[in-house]
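I have placed the structure first, in the form of structure tokens, so that the comments after it can refer back to it.
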Amino acid sequence: MNDRYKLLWGVLILVLLIGLYQIFTNEKIKSNGIYTKCIILDIDGRKGGVMITLKYNYRGKEYKGRMGTQLGSGSIGKQYFIKFLPNKPDEIILLEMSPVPACLLNTDAPEDGWQELPSCE
């Protein structure tokens, strides 16, 4: 019984540390990140939620990512903005409420991304 409690506490501490790391990383991205466009490649629904696969380019390199989302299957092929740290371009935040506007759909994102979220105005 004692070993079970140790294992349970170990798992709880690990989950807490992972959660704190994610919160810290997201705050850094929100305050110091840059923007670019991504395209949704695939959406996969599972018991644990919906996962998307997306791709984006930064400084001439193509990246692919996978993350949980609330987007539906109608989002495949659509473009959204993401935000990430320039020194860690594989850690991103998908801006689900910011689809790329029509005026920017056929425009490549700058190689170094945007400092501000672009608009058509």
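Observations, loosely collected:
- Test result for Lys37, in contact with a helix residue (DSSP H, G or I) (Cβ under 9 Å, 6 or more places away or on another chain), farther than 22 Å from Tyr21 by Cβ and charged (D, E, K, R): yes
- Any chance Leu71 is of a type outside the set (S, T, N, Q), more than 17 Å from Ala109 (Cα to Cα) and at pLDDT 95 or above: no
- In region 11-45, the residues that are in contact with an Asp or Glu (Cβ under 7 Å, 6 or more places away or on another chain) and surrounded by fewer than 10 Cβ atoms within 10 Å (Cβ to Cβ): none
- Test result for Val50, part of a helix (DSSP H, G or I) and more than 17 Å from Asp90 (Cβ to Cβ): no
- Restricting attention to region 86-111, the residues being over 18 Å from Gly65 (Cα atoms), touching a Cys at 6+ places or on another chain (Cβ under 8 Å) and surrounded by 12 or more Cβ atoms within 10 Å (Cβ to Cβ) number 2.
- Any hit, region 73-88, residues being in a helix (DSSP H, G or I), farther than 18 Å from Pro118 by Cβ and out of contact with any strand residue (DSSP E or B) (no Cβ under 7 Å at 6 or more places or on another chain): yes
- Cβ-Cβ under 7 Å pairs, at least 6 apart or on other chains, region 78-100 side over 10 Å from Tyr35 (Cα atoms), far side loosely packed, with under 13 Cβ neighbours inside 10 Å: Gln79/Leu105; Glu96/Gln70; Ser98/Leu117
- Test: Tyr80 is over 11 Å from the mean Cα position of the chain (by Cα), surrounded by 13 or more Cβ atoms within 10 Å (Cβ to Cβ) and either over 22 Å from Ser31 (Cα atoms) or modelled with pLDDT of 95 or more (or both): no
The values are calculated or read from the model by the stated rules, or taken from the named source; none is laboratory data. The structure presented is a predicted model; accordingly, all values stated were derived computationally and were not measured. Backbone-built Cβ (ideal geometry, glycine too); neighbour counts: all protein chains shown.
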